[in-house]
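*Asks:* Here it is, the structure, as structure tokens.
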Amino acid sequence: MYTNGYIFRYAAIMVIIAAAVLSTAAILLKPYQEKNVAIEKMGGILASAKIEGIETENTIEMFNKYVVEEMVVDQDGNVVESFKDGAKETAKAFNLNMKTELYRRNKGENYELPIYIIEKDGVKTYVFPLRGTGLWGPIWGNMALADDFKTVRGVTFDHKGETPGLGAEITTDAFKAQFEGKTIFDDKGKFTSIKVVKGGVRTLAADQQIHGVDAISGGTITSHGVDDMLKNVLESYLPYIKKEK
Amino acid sequence: MSKETKEREPLFSPKNIKLITGPINLSNPITVQVLGICSALAVTAKLMPAIVMAISVMVVVAASNVLISFLRNGIPPRIRIIVQLVVIATMVILVDQVLKAFVYDVSKQLSVFVGLIITNCIIMGRLEAFAMSNKPWPAFLDGIGNSLGYGLILVVIAFVRELFGSGSLFGFPVIPQGLYDFGYVNNGLMILPPMALITVGVIIWIQRYYTRELIEDK
């Protein structure tokens, strides 16, 4: 009843129609989706610096209120651009692509990275965006340091598709809270990063415990990913941090 | 002309009404047909994602049912499953994109489960069993009925799990602080998937207790 030719034509036309419908929808909805992603990014930056009362509706307003400066720093720690006035989401720092910049760093080329300075009640907090790889896809986040560039104020993490209940636990408050008050330099000023320790920080030497947090049971590869991300990305900020200290 | 309209079935004839009410109780997709269990376990820790999931499934089932029903006479039987899959996948991607654009928070919570609507057995089951051999309007009602039956169970499970697991409904705390001071604690097991399965079991038990038709003869 149905010839092979009919079946092929049917399948071809069906697929072309489906493709047309989907690409139209993707193009039409893109501006809304990008706005949501930008709002989420702002929320993450503010949350790492312990700004409270962030809702989806007021995020842009809060971001413009508390972020006093957005900087772009290069591989030697020089401030390439400093953005203070105007809509903060238009700054170069906010729109830098961490992925390509870190890729260039790994190849040994010049790179530029963003830093956000948040000021609340006269206290300055420096937020460093992070990006790395988890088990199934990218993980990213922010680390907020106090103005001694050593003590962690807070962190946020997010991920594309880590396993719910295991690797995805990096986004929970319990995991993030461990970072508060930890330091990324030891007393001699040597960079230690923050280690994500399998088996728990209590297995570390007593003087090293301030530089570590507990890893997630069942989320070993994601935990390693967070560990590598902190080490690599914070290292790329070191030239700037050393200059400012 | 007049003869034709006389013969036409009214939109909500008893037979059509049954297409909606049937799946809510007697042929409920989850508790009787035992389809779509995985998503029922995965998204019911809180009420909000459960409701969004139910609505998304409703849109996908109803729309694909209607579309497949329109196409049913032209679909070559040899590739009908592929055609059904393309239709479902297109619908699901559309729903996913719309959720990402307008309810971003919820779409993050649902994460992979929206994509997994594609694999929800209810949808394929309805297309193959009903839409392929019925007119668009009954197919639409059948889709709505089945997703209502699915959504109802989802909401009931989510209600129980959120109430006892997190002490809240729609994210608002409902269990008074006084009770916690007495030593009441939220049941952490409720948040985990095994408890959803047990809840489904209890619902099936209660449903069979009250609905004699469902009890099999020995």
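*Asks:* Based on this model, can you work out whether A:VAL68 counts as aliphatic (A, V, I, L, M), over 23 Å from B:VAL92 (Cβ atoms) and under 21 Å from the mean Cα position of the chain (by Cα)? Give the derivation first.
*Replies:* Working: aliphatic (A, V, I, L, M): yes; over 23 Å from B:VAL92 (Cβ atoms): yes; under 21 Å from the mean Cα position of the chain (by Cα): yes.
Here the answer is yes, as A:VAL68 does meet what is asked.
So that you can scan it fast, the table gives a plain yes or no per residue for (1) modelled with pLDDT under 85; (2) part of a loop (DSSP other than H, G, I, E, B); (3) buried (at least 20 other Cβ atoms within 10 Å of the Cβ):
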| residue | (1), (2), (3) |
| --- | --- |
| B:ILE123 | no, no, yes |
| B:GLY178 | yes, no, no |
| B:GLY183 | yes, yes, no |
| B:MET195 | no, no, yes |
| B:ILE198 | no, no, no |
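*Asks:* If you take the residues in region B:70-90 that are part of a helix (DSSP H, G or I) and more than 10 Å from chain A (Cβ to nearest Cβ), which one is nearest to A:ALA26 (Cα to Cα)? Explain how you work it out, then say what you get.
*Replies:* Keep residues of region B:70-90 that are part of a helix (DSSP H, G or I), which gives B:70-71, B:77-90.
With the extra rule that they be more than 10 Å from chain A (Cβ to nearest Cβ), the set shrinks to B:70, B:80-81, B:84-85, B:88.
Working: B:PHE70: 25, B:ARG80: 27, B:ILE81: 26, B:GLN84: 22, B:LEU85: 20, B:ILE88: 17 Å.
If we take residues in region B:70-90 being part of a helix (DSSP H, G or I) and more than 10 Å from chain A (Cβ to nearest Cβ), then B:ILE88 is nearest to A:ALA26 (Cα to Cα).
*Asks:* Can you say whether B:ALA62 is touching a helix residue (DSSP H, G or I) at 6+ places or on another chain (Cβ under 6 Å), over 30 Å from B:VAL202 (Cα atoms), in a helix (DSSP H, G or I) and hydrophobic (A, V, I, L, M, F, W, C), as far as the supplied structure shows?
*Replies:* Values: touching a helix residue (DSSP H, G or I) at 6+ places or on another chain (Cβ under 6 Å): yes; over 30 Å from B:VAL202 (Cα atoms): no; in a helix (DSSP H, G or I): yes; hydrophobic (A, V, I, L, M, F, W, C): yes.
The answer is no for B:ALA62.
*Asks:* Considering A:GLY165, A:GLY141, A:GLY86, which residue is modelled with pLDDT under 90 and either assigned to a strand (DSSP E or B) or within 14 Å of chain B (Cβ to nearest Cβ) (or both)?
*Replies:* On the way: A:GLY141 fails: modelled with pLDDT under 90; A:GLY86 fails: either assigned to a strand (DSSP E or B) or within 14 Å of chain B (Cβ to nearest Cβ) (or both).
Every option except A:GLY165 fails the conditions.
*Asks:* Please list, ordered by first then second residue, the pairs with beta carbon atoms under 8 Å, 6 or more apart or interchain, first in region A:196-222 and in a helix (DSSP H, G or I), second of a type in the set (Asp, Glu).
*Replies:* A:VAL201/A:ASP214; A:ASP207/A:ASP186; A:HIS211/A:ASP186; A:THR222/A:GLU162
*Asks:* Here is a further query. Are any of the residues in region B:149-168 part of a loop (DSSP other than H, G, I, E, B), away from chain A (no Cβ under 14 Å) and on the phi > 0 side of the Ramachandran plot?
*Replies:* Restricting attention to region B:149-168, the residues satisfying the condition of being part of a loop (DSSP other than H, G, I, E, B) are B:167.
Checking the rest, the ones that are also away from chain A (no Cβ under 14 Å) come to B:167.
Checking the rest, the ones that are also on the phi > 0 side of the Ramachandran plot come to B:167.
Yes, some residue in region B:149-168 is part of a loop (DSSP other than H, G, I, E, B), away from chain A (no Cβ under 14 Å) and on the phi > 0 side of the Ramachandran plot.
*Asks:* Looking at region A:1-18 only, could you name the residues that are more than 9 Å from chain B (Cβ to nearest Cβ) and under 37 Å from the mean Cα position of the chain (by Cα)?
*Replies:* none
*Asks:* Considering only region A:36-58, state which residues are part of a helix (DSSP H, G or I) and either at the interface with chain B (Cβ under 9 Å from one of its Cβ atoms) or at positive phi (or both). Walk me through it before giving the result.
*Replies:* As a first pass, look at region A:36-58 and keep what is part of a helix (DSSP H, G or I): A:36-48.
Hits for region A:36-58 are A:ASN36, A:VAL37, A:ILE39, A:GLU40.
*Asks:* Restricting to region B:99-110, and then to whatever is touching a Ser or Thr at 6+ places or on another chain (Cβ under 9 Å) and more than 7 Å from chain A (Cβ to nearest Cβ), can you tell me which residue is modelled with the highest pLDDT?
*Replies:* B:LEU99
The values are calculated or read from the model by the stated rules, or taken from the named source; none is laboratory data. Being a predicted model, the structure only gives us computed values, none of them experimental. Glycine also receives a Cβ, built like all others from the backbone with ideal geometry; neighbour counts cover every protein chain displayed.
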